[in-house]
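Here the structure comes first, spelled out in C-alpha coordinates, and everything after it is commentary.
The values are calculated or read from the model by the stated rules, or taken from the named source; none is laboratory data. All values reported here derive from a predicted model rather than from experimental measurement. Every residue, glycine among them, receives a Cβ derived from its backbone with ideal geometry; neighbour counts consider all protein chains shown. These accessible areas exclude ligands, DNA and RNA; they are computed on the full protein's heavy atoms, side chains included. Shrake-Rupley method; radii C 1.70, N 1.55, O 1.52, S 1.80 Å.
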Amino acid sequence: IFLFSFICAAQFLFAQLNTSPDMAVIAFVKNDSIQLRWAPANISFWKAGNTYGFKVERILFDQYMEPGADSLKFKTAGLINQQPLMPWPQQDERWKNLISKNKIAAFAYGTLYAKDPKATPQKKEMAFAMLMKLCDLNSELSAAHGLSITDKSFTKNEVYVYRISLYNPPKNLKYTPAVIAVNPKEISALPEITSLQVTFGDRRVELKFTTK
(Lines give C-alpha, C1' and ligand atoms only; values in the text may rest on other atoms or scores of the structure.)
Protein backbone atom coordinates (compact mmCIF):
# COMPACT_ATOMS: atom_id res chain seq x y z
CA ILE A 1 0.00 0.00 0.00
CA PHE A 2 2.77 2.44 0.93
CA LEU A 3 4.75 1.77 -2.25
CA PHE A 4 1.63 2.10 -4.42
CA SER A 5 0.79 5.51 -2.94
CA PHE A 6 4.38 6.66 -3.44
CA ILE A 7 4.37 5.71 -7.11
CA CYS A 8 1.00 7.36 -7.76
CA ALA A 9 2.14 10.59 -6.09
CA ALA A 10 5.34 10.59 -8.09
CA GLN A 11 3.57 10.23 -11.42
CA PHE A 12 0.79 12.72 -10.66
CA LEU A 13 2.49 15.48 -8.71
CA PHE A 14 6.05 15.61 -9.95
CA ALA A 15 5.83 15.26 -13.76
CA GLN A 16 7.38 11.85 -14.14
CA LEU A 17 7.55 11.58 -17.91
CA ASN A 18 7.42 7.83 -18.28
CA THR A 19 5.59 4.97 -16.62
CA SER A 20 8.42 2.77 -15.43
CA PRO A 21 7.28 -0.55 -13.96
CA ASP A 22 10.59 -0.72 -12.09
CA MET A 23 10.91 2.58 -10.24
CA ALA A 24 9.27 5.92 -9.42
CA VAL A 25 10.90 9.31 -8.83
CA ILE A 26 9.88 12.55 -7.16
CA ALA A 27 11.54 15.98 -6.95
CA PHE A 28 11.80 18.56 -4.18
CA VAL A 29 12.70 22.01 -5.51
CA LYS A 30 14.19 24.72 -3.31
CA ASN A 31 15.69 28.08 -4.18
CA ASP A 32 19.21 26.68 -4.50
CA SER A 33 18.76 22.95 -4.99
CA ILE A 34 16.81 20.16 -6.66
CA GLN A 35 16.59 16.93 -4.71
CA LEU A 36 15.53 13.78 -6.49
CA ARG A 37 14.34 10.71 -4.61
CA TRP A 38 13.40 7.43 -6.23
CA ALA A 39 11.95 4.12 -5.15
CA PRO A 40 12.41 0.69 -6.74
CA ALA A 41 9.03 -0.90 -7.35
CA ASN A 42 9.95 -4.36 -6.09
CA ILE A 43 12.51 -6.20 -3.99
CA SER A 44 14.27 -7.66 -7.01
CA PHE A 45 15.02 -4.28 -8.56
CA TRP A 46 15.91 -2.84 -5.16
CA LYS A 47 18.56 -5.53 -4.78
CA ALA A 48 19.85 -4.73 -8.26
CA GLY A 49 20.21 -1.10 -7.23
CA ASN A 50 22.08 -2.12 -4.08
CA THR A 51 24.45 -4.19 -6.20
CA TYR A 52 25.16 -1.86 -9.13
CA GLY A 53 24.16 1.53 -7.74
CA PHE A 54 22.31 4.28 -9.57
CA LYS A 55 23.33 7.10 -11.85
CA VAL A 56 21.50 10.35 -12.55
CA GLU A 57 21.73 12.09 -15.92
CA ARG A 58 20.37 15.48 -16.95
CA ILE A 59 19.42 17.13 -20.23
CA LEU A 60 17.40 20.19 -21.17
CA PHE A 61 13.67 19.76 -21.65
CA ASP A 62 13.91 20.99 -25.25
CA GLN A 63 16.37 18.19 -25.99
CA TYR A 64 14.04 15.63 -24.50
CA MET A 65 11.15 16.81 -26.66
CA GLU A 66 13.08 16.14 -29.85
CA PRO A 67 12.07 12.99 -31.80
CA GLY A 68 13.82 9.75 -30.97
CA ALA A 69 14.27 7.20 -28.23
CA ASP A 70 15.40 8.15 -24.74
CA SER A 71 18.68 6.31 -25.29
CA LEU A 72 19.52 8.76 -28.09
CA LYS A 73 18.29 11.84 -26.23
CA PHE A 74 20.48 11.08 -23.22
CA LYS A 75 23.56 10.16 -25.26
CA THR A 76 25.12 13.56 -24.54
CA ALA A 77 23.56 14.00 -21.09
CA GLY A 78 25.50 15.38 -18.18
CA LEU A 79 26.18 12.88 -15.39
CA ILE A 80 25.28 14.31 -11.99
CA ASN A 81 27.15 11.69 -9.94
CA GLN A 82 30.58 10.38 -10.93
CA GLN A 83 30.34 7.33 -8.64
CA PRO A 84 27.42 4.89 -8.25
CA LEU A 85 24.83 5.91 -5.68
CA MET A 86 24.62 2.95 -3.31
CA PRO A 87 23.70 2.24 0.31
CA TRP A 88 26.30 3.14 2.87
CA PRO A 89 28.53 0.12 3.70
CA GLN A 90 27.41 -1.97 6.66
CA GLN A 91 30.26 -0.85 8.93
CA ASP A 92 30.18 2.80 7.88
CA GLU A 93 30.33 5.15 10.88
CA ARG A 94 27.63 7.30 9.30
CA TRP A 95 25.07 4.64 10.17
CA LYS A 96 25.95 4.89 13.86
CA ASN A 97 25.65 8.66 13.77
CA LEU A 98 22.34 8.55 11.91
CA ILE A 99 20.82 5.91 14.20
CA SER A 100 21.87 7.89 17.29
CA LYS A 101 19.72 10.85 16.23
CA ASN A 102 17.02 9.02 14.29
CA LYS A 103 15.82 5.73 15.76
CA ILE A 104 13.93 4.90 12.57
CA ALA A 105 17.30 4.52 10.88
CA ALA A 106 17.81 1.32 12.92
CA PHE A 107 14.82 -0.25 11.15
CA ALA A 108 16.12 0.98 7.79
CA TYR A 109 19.56 -0.43 8.55
CA GLY A 110 18.11 -3.76 9.65
CA THR A 111 15.98 -4.09 6.53
CA LEU A 112 19.09 -3.63 4.43
CA TYR A 113 21.60 -5.76 6.33
CA ALA A 114 19.85 -8.04 8.84
CA LYS A 115 19.53 -11.71 7.91
CA ASP A 116 16.35 -13.41 9.12
CA PRO A 117 16.05 -16.95 7.75
CA LYS A 118 12.56 -17.25 9.26
CA ALA A 119 11.19 -14.18 7.48
CA THR A 120 8.27 -15.03 5.19
CA PRO A 121 7.95 -13.50 1.71
CA GLN A 122 5.03 -11.44 3.02
CA LYS A 123 7.11 -10.08 5.90
CA LYS A 124 9.93 -9.19 3.51
CA GLU A 125 7.51 -7.38 1.22
CA MET A 126 6.06 -5.40 4.12
CA ALA A 127 9.52 -4.43 5.38
CA PHE A 128 10.55 -3.37 1.89
CA ALA A 129 7.39 -1.28 1.39
CA MET A 130 7.88 0.40 4.76
CA LEU A 131 11.52 1.13 3.96
CA MET A 132 10.58 2.79 0.68
CA LYS A 133 7.99 4.93 2.45
CA LEU A 134 10.46 5.98 5.14
CA CYS A 135 13.02 6.93 2.50
CA ASP A 136 10.28 8.87 0.74
CA LEU A 137 9.63 10.87 3.92
CA ASN A 138 13.21 11.41 5.11
CA SER A 139 16.05 12.81 3.01
CA GLU A 140 18.81 11.42 5.25
CA LEU A 141 17.44 7.88 5.02
CA SER A 142 17.04 8.08 1.26
CA ALA A 143 20.65 9.28 0.93
CA ALA A 144 21.89 6.50 3.24
CA HIS A 145 20.22 3.94 0.98
CA GLY A 146 21.53 5.46 -2.26
CA LEU A 147 18.03 6.53 -3.30
CA SER A 148 18.47 10.29 -3.62
CA ILE A 149 20.72 13.02 -4.94
CA THR A 150 20.84 16.83 -4.71
CA ASP A 151 21.65 18.90 -7.77
CA LYS A 152 22.83 22.49 -7.29
CA SER A 153 24.39 23.07 -10.69
CA PHE A 154 21.37 24.35 -12.56
CA THR A 155 20.06 27.55 -14.14
CA LYS A 156 16.64 28.75 -13.02
CA ASN A 157 15.66 29.85 -16.51
CA GLU A 158 15.88 26.29 -17.86
CA VAL A 159 13.64 23.25 -17.48
CA TYR A 160 15.50 19.98 -17.02
CA VAL A 161 14.81 16.32 -17.55
CA TYR A 162 16.53 13.81 -15.29
CA ARG A 163 16.92 10.09 -15.91
CA ILE A 164 17.65 7.66 -13.06
CA SER A 165 19.08 4.32 -14.09
CA LEU A 166 21.38 1.57 -12.89
CA TYR A 167 25.12 2.27 -13.04
CA ASN A 168 26.69 -0.14 -15.58
CA PRO A 169 24.41 -3.16 -15.05
CA PRO A 170 24.90 -6.35 -17.08
CA LYS A 171 23.40 -6.16 -20.56
CA ASN A 172 20.95 -8.98 -19.87
CA LEU A 173 19.31 -7.05 -17.01
CA LYS A 174 16.22 -5.52 -18.60
CA TYR A 175 14.42 -2.63 -16.90
CA THR A 176 12.98 0.84 -17.58
CA PRO A 177 14.75 3.90 -16.10
CA ALA A 178 12.66 6.63 -14.47
CA VAL A 179 12.50 10.02 -16.21
CA ILE A 180 11.24 13.24 -14.61
CA ALA A 181 10.95 16.89 -15.71
CA VAL A 182 11.80 19.62 -13.19
CA ASN A 183 11.32 23.36 -13.43
CA PRO A 184 13.64 25.10 -10.90
CA LYS A 185 11.25 28.06 -10.73
CA GLU A 186 8.47 25.89 -9.30
CA ILE A 187 9.35 25.61 -5.64
CA SER A 188 7.87 22.46 -4.11
CA ALA A 189 4.52 23.09 -2.49
CA LEU A 190 4.72 19.95 -0.39
CA PRO A 191 6.65 20.43 2.89
CA GLU A 192 9.63 18.22 3.59
CA ILE A 193 9.63 15.90 6.59
CA THR A 194 12.15 17.03 9.23
CA SER A 195 11.52 14.43 11.94
CA LEU A 196 9.83 11.07 11.84
CA GLN A 197 8.71 8.52 14.41
CA VAL A 198 7.34 5.06 13.72
CA THR A 199 5.51 2.93 16.26
CA PHE A 200 4.91 -0.74 15.47
CA GLY A 201 1.82 -2.28 17.03
CA ASP A 202 -0.32 -5.35 16.58
CA ARG A 203 -0.85 -5.50 12.80
CA ARG A 204 -0.49 -1.74 12.45
CA VAL A 205 2.16 0.93 12.03
CA GLU A 206 1.74 4.51 13.26
CA LEU A 207 3.71 7.32 11.59
CA LYS A 208 4.27 10.68 13.31
CA PHE A 209 6.25 13.46 11.64
CA THR A 210 6.88 17.20 11.58
CA THR A 211 7.47 19.37 8.55
CA LYS A 212 9.22 22.59 7.68
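Okay, here's what the table says:
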item	result
Cβ pairs under 7 Å, 6+ apart, first in the range 124-142 and under 16 Å from SER44 (Cβ atoms) and small (Gly, Ala, Ser), second open to solvent by 10 Å² or more (accessible area, probe 1.4 Å) and at pLDDT 90 or above	ALA127/THR111
Lone qualifier among ALA181, ALA143 - being more than 28 Å from PHE107 (Cβ to Cβ) and either open to solvent by less than 20 Å² (accessible area, probe 1.4 Å) or outside any loop (DSSP other than H, G, I, E, B) (or both)	ALA181
Test: residue in the range 96-108 that is at pLDDT below 90 and not in a helix (DSSP H, G or I)	yes
Filtered residues of the range 23-57 (kept if surrounded by fewer than 20 Cβ atoms within 10 Å (Cβ to Cβ) and out of contact with any Ser or Thr (no Cβ under 9 Å at 6 or more places or on another chain))	ASN31, ASP32, ASN42, ILE43, SER44, PHE45, LYS47, ALA48, ASN50, THR51, TYR52, GLY53
Among the residues listed as MET126, MET130, the single one being open to solvent by 80 Å² or more (accessible area, probe 1.4 Å), closer than 20 Å to ALA24 by Cβ and outside any loop (DSSP other than H, G, I, E, B)	MET126
